[in-house]
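One structure is given here, and the rest of the page talks about it.
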Amino acid sequence: MIEQLHPRIIENKDWATLLFVLTFAVVAMTKSAYETRFSEFSKLIFSDKYAKIYRDNSHMKNSFTVGLFFVQIVSFAFFILLTMNVFGHASKTDWVLFIQIATFLLYFILGKYLIEKIVATSFNIDEFVELFNLQKVTYRTYIGVLILPINAVLFYYDNIPQIIPLAIIGISLCISVYSYFISIKTYQNVIIGKLFYFILYLCALEIAPYYFLYYWITKGSA
């Protein structure tokens, strides 16, 4: 009796391994170059000291922020890919889809930032929006760095329970809401002076984009 041989399909995970190594290397280099700042950054969820010290908008474009912005994009792209895999909508080894997700996140974040700059100029609240953006970027980056090692573990683990990505999303949302409260508390004097513009800004550029993004994703997967 001749045993019939079937070709074994091996998923290519090398690209993900290299990307994880690169991303962790960026985190390590950033930590080494900005040891004190990174130490305060790592305590962000427990203390607002970092937000108070590095509240100048000049910190938006330095190498610390830029380096961790790269980490943030990679981390969120992996998490979205893994979540899609858990719910049966994609393969976690699909590097083409990963690039598409990362590219979309990059353009979405940068595009939203530019629109916010234009609106801020129109409303004459440039300084406040710059500071508010710095706060958002800080906490969003914190979430990205926080879930990076979780992504690395989950990527090499099969049969991930659906509750895990849902729990991560829930915790991330709680941190995001917390960041808004911190921002409002920090800049309450400026907000009170321009309350109408702040509410308009919040509805148009903080709530609406994510609502339409959620609607587009859920409608597309229906």
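Structure shown: which of Lys52/Lys117; Lys92/Lys117; Lys13/Lys112; Lys13/Lys52 lie over 30 Å apart, alpha-carbon to alpha-carbon?
Details: Lys52/Lys117 22 Å; Lys92/Lys117 35 Å; Lys13/Lys112 32 Å; Lys13/Lys52 41 Å.
Result: Lys92/Lys117; Lys13/Lys112; Lys13/Lys52 exceed 30 Å.
Apply the a/c threshold of 1.5 to the C-alpha gyration tensor of segment 60-144 and tell me whether it is rounded, prolate or oblate. Judged from the Cα gyration tensor, segment 60-144 comes out prolate (a/c at least 1.5, a/b above b/c). A 1.4 Å probe run over the protein chains yields, for segment 42-187, 50 Å² of accessible area per residue, whole-number rounding.
Sort 115-126, 138-149 by the packing proxy (mean of other Cβ within 10 Å over each peptide's residues), most packed first. Numbers along the way, then the final one.
On the way: 115-126: 14.3, 138-149: 20.3.
The most tightly packed comes first, giving 138-149, 115-126.
Here the label points at Cys174 and Met29, each 7 Å from Cα along the C-beta direction, are separated by 3.5 nm in the simple model. Full extension of the chain segment joining Ile45 with Ala167 gains 42.2 nm, where the gain is 0.36 nm per residue of separation less the Cα-Cα distance.
The values are calculated or read from the model by the stated rules, or taken from the named source; none is laboratory data. Since the structure is predicted, the reported quantities are computational estimates derived from the model, not experimental observations. All Cβ positions, even for glycine, are placed from backbone atoms using ideal geometry, and neighbour counts span all protein chains on display. Side chains included, ligands, DNA and RNA excluded: accessible areas come from the protein's heavy atoms. Shrake-Rupley method; radii C 1.70, N 1.55, O 1.52, S 1.80 Å.
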